[in-house]
Amino acid sequence: MSGHTIECPCGTVLRGPDEDAVVAQAQNHARAVHDMELTDEQARAMARPS
Ligand SMILES: [Zn+2]
């Protein structure tokens, strides 16, 4: 299975089919759950292939 994941420090694991998708999900999660703006660069640094 290919894809990317980002594990938020809160324990939520975000998954997407590629890095762009998971970066967008992480930014949405950070905004909705943590009231925080995650930059593209920050999110990409957290992305891992899965
Ligand atoms: Zn979180």
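The values are calculated or read from the model by the stated rules, or taken from the named source; none is laboratory data. Small disclaimer: the values here were computed from a predicted structure and weren't measured. Methodologically, a virtual Cβ is constructed for each residue, glycine included, from the backbone with ideal geometry; neighbour enumeration extends over all protein chains shown. When the accessible area is computed, the model is the full protein with side chains, heavy atoms only, and any ligands, DNA or RNA have been set aside. Shrake-Rupley method; radii C 1.70, N 1.55, O 1.52, S 1.80 Å.
Listed values, structure above:
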{"quantity": "For Ala47, distant residues with modelled amide H under 5 Å away", "calculated": "none"}
{"quantity": "10 °C / 1.306 mPa s Stokes-Einstein diffusion coefficient of the chain, Kirkwood radius on C-alpha pairs, µm²/s", "calculated": "153"}
{"quantity": "For Gly3, net neighbour charge (Lys/Arg +1, Asp/Glu -1) across residues whose Cβ lies under 13 Å away", "calculated": "-1"}
{"quantity": "Using alpha-carbon coordinates, inclination of helix 19-34 to the longest axis of the chain, degrees", "calculated": "30"}
{"quantity": "Average accessible surface area per residue within the chain, 1.4 Å rolling probe, Å²", "calculated": "67"}
{"quantity": "Highest-first arrangement of 13-19, 24-30, where packing means the average Cβ count within 10 Å", "calculated": "24-30, 13-19"}
{"quantity": "Average Cα contact separation per residue, segment 4-49, under 8 Å, 6 or more apart, as relative contact order %", "calculated": "40"}
